[in-house]
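Scroll down for the structure; my scribbles are underneath it.
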Amino acid sequence: MAKLIHRHIATDRAALIDEAGSRSFSELDTRANQLIHALRGHGIVAGDVIAIYAGNCAEYYEIMVAASHAGILYVPVNWHFTAEELAYVIDNSEAKLLFADAQFSDTARAAMARNETPSLTGCISVRGAIDGFDDYEAFLATGAKDEPEQQTLGGPMFYTSGTTGRPKGVRSASPMTSQGMESMDMMSAGLSGLLSIPKDGTTLLCGPVYHSAQWAFSFLPLLAGSTVVSRHRFDAAETLQLIDEYQVSNVHLVPTQFHRLSRLDDATRAKFSGKSLAVVWHGAAPCPPQVKRRMIDWWGPVINEYYGSTEGSIVTTATSQEWIDRPGTVGKPTPLVEVRIVGEDGALAPAGTSGQIYVKNRMGTDFIYHKEPAKTAAAHLEPGVFTFGDIGYLDGDGYLFMSDRKIDMIISGGVNIYPAEIEAVLTTHPAVQDAAVFGIPNEEYGEEVKAAIQVRAQHSPTDALARELIEHCRSHLAGYKAPKSIASSPTCPATRPASCTNACCATCTGRTRAERSRRFAPGASPRSRTLAPEQDVRPG
């Protein structure tokens, strides 16, 4: 038996519900046992790494449950990634086994064809066939159904986009295999309590589980006994239907999803009850105050906000009433977290004074960037005290407010996008001398990606070249990272947007640098960099 699942089988409640059907906790327990045995039979042992390149589905959770009980580090891979990006993550993580969704077969096969993944010892296709891959159900059938011995804690390593190029893996600083299963039990129970998630409730997943917030807000409640209803894509009208049909008690959303829900026609909105909702958590991007107020007026005071990151989990939380009373706050630190505001002089800033936000978990948990000791050190003020690169202040009552970001980042539709990664690709094109990437306002997504380029002397900045450069980016990067528009500006220097002149910024974005930096006007919604950026609410 998978220890953290077996205790729930007596209820025979549904554990997982997706488009293909449902699995009870008993079925999940049995299949997780089989998968643990199958993984061990393939030579995967505690401490090894596997990668999951799949959409939201029951099999995804089976793999995570099995890995979590077998001491295996699992890497949820962004399903928007190109073959080049997928191959990089597999190679960088040294994954020994790849589970790939058949709906992404072209990308999975192209990644394997690059011959850049020497660590792999096998590839498994999920929910359909992929040429050259073994079948998931056949692989599962090789494992016995009896209880596996020597169950030990495994866990995730999430890859986040990098400020200076390639994505980087984020994982616990402590070896997972040195921790008992009890620590995961405490984590799942603790999160459910902290976030007011009913242990016997129903969780709705309508964002990709490959990101850490959707993982935390669905996988941990599952271990605590919650049913998880998942959908691969977000549809606003369907979301309302699912909440009422399955009596959903909790869901994690991002502001773009709020925006789409609030645009539904009156007839669709009128059919929605929502009486089952106990709590709705949001983060990942700035939420326009008027959008959040509309949601609170419609759904009631169940709309809660949090601030955190893949590196540091949940740092602060704010209820609907706290946000109404203190517009713009991202809440107070959770009981296990200490927030420090550090000024330019390195001293703690007094209340009301902005500085860099540092976080310390009182339980001693910490993170490292996989194979990136210098970046790990740069993120830390001291051991166990780290920053996400945000600027903010604490008011006199201990509520955190965001002021700016020290790192250069765009947030579009709930996803963190780093200009450096896009600029690096643009400058590989023979027509581009230099490039700078910006975020510009977008009503639905918050921001969209725009690039400014200097073309080489023998080239002209035509519309055709702009289209070619966008496709060039899409061939190397996930589609959501590609610029939506490209401008040519002879005044725009190389390197980063932070070094751009007012003239360059006005030319490329329609705003001066000062206007671009004015992200947190009084009363405006904060830009909260959170656990799970990408919510898959953008096309492409």
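The values are calculated or read from the model by the stated rules, or taken from the named source; none is laboratory data. Not measured: the values here are computed from a predicted model. Using ideal geometry, Cβ is built from the backbone for each residue, glycine included, and neighbour counts are taken over all protein chains shown.
Summary of values
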item	result
Residue match in segment 366-375 (condition: touching a helix residue (DSSP H, G or I) at 6+ places or on another chain (Cβ under 6 Å) and farther than 12 Å from LEU394 by Cβ)	yes
Answer residue from segment 177-222, given it is hydrophobic (A, V, I, L, M, F, W, C) and either more than 21 Å from the chain's Cα centre (by Cα) or farther than 30 Å from HIS80 by Cα (or both) and is modelled with the highest pLDDT among those	LEU194
Answer from GLY355, GLY392, GLY413 - the residue that is crowded, with 19+ Cβ neighbours inside 10 Å, closer than 24 Å to GLY283 by Cα, touching a helix residue (DSSP H, G or I) at 6+ places or on another chain (Cβ under 9 Å) and of a type outside the set (Val, Ile, Thr)	GLY413
Residue match in segment 365-373 (condition: within 24 Å of GLY439 (Cα to Cα), among the β-branched types (Val, Ile, Thr) and not in a strand (DSSP E or B))	no
Filtered residues of segment 419-459 (kept if part of a loop (DSSP other than H, G, I, E, B) and crowded, with 22+ Cβ neighbours inside 10 Å)	TYR445
Residue identified as in the same structural domain as PRO286 (by TED's automatic domain parsing), at pLDDT 85 or above and within 24 Å of the chain's Cα centre (by Cα) among PRO373, PRO441, PRO419, PRO383	PRO373
Segment 88-131, residues that are small (Gly, Ala, Ser) and surrounded by fewer than 21 Cβ atoms within 10 Å (Cβ to Cβ)	ALA102, SER105, ALA110, ALA113, SER119, GLY122, GLY128, ALA129
Single unsatisfied condition, GLU137 versus (1) in contact (Cβ under 8 Å) with a residue 40 or more places away in the chain; (2) more than 27 Å from the chain's Cα centre (by Cα); (3) closer than 16 Å to CYS57 by Cα	(1)
Helices (runs of 4 or more DSSP H) (entirely within segment 125-235) containing at least 3 residues that are closer than 24 Å to PRO255 by Cα and not small (Gly, Ala, Ser)	219-224
